Structures are given as structure tokens and as C-alpha cells.
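This report concerns only the one structure given below.
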Amino acid sequence: MNNEPQPVEMWTLRHTGLNPTHRQFKLTTEWLWRVCPAPGNPYFELEQEAES
């Protein structure tokens, strides 16, 4: 996953240079989270078995 802002900034500046009337942009982000059961949770043991 790339979290570097530079490619987006470069695209924005290049796009605005080529299209001077395009001055507003909507930033949309996506966060991917993973939740793992803690030891003692019944699902913890099931997940451990599935990984073996």
C-alpha cells in the first residue's frame, strides 16, 4: 500500500496546469482495518487452528 502523497500532488499540479479551470478536487480515502480476536476469545482458537 502506498501512502506517499507526492504522486497525487504531482497529478494535481499537472492536471491543473493542463486544465486551468479545474481548481477543486474531492479527496476520497479508504482505510482497510483488520480486527483479530484476542487470546481468551473463542474465535482466537478457531483462527489459530485455521492458520495451521
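The values are calculated or read from the model by the stated rules, or taken from the named source; none is laboratory data. Bear in mind the structure is a predicted one, so any value in this text is a computation, not a measurement. Don't worry about glycine lacking a Cβ; one is built from the backbone with ideal geometry, like all the others, and counts go over all protein chains shown. Side chains included, ligands, DNA and RNA excluded: accessible areas come from the protein's heavy atoms. Shrake-Rupley method; radii C 1.70, N 1.55, O 1.52, S 1.80 Å.
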Item to complete: With respect to PRO39, determine if the residue is open to solvent by 100 Å² or more (accessible area, probe 1.4 Å), without any contact (Cβ under 8 Å) to a residue 24 or more places away in the chain and not basic (Lys, Arg).
Response: yes
Discussion item. Restricting to the chain, name every residue that is under 25 Å from the mean Cα position of the chain (by Cα), assigned to a helix (DSSP H, G or I) and polar (S, T, N, Q).
Written reply: GLN6, THR12, THR16
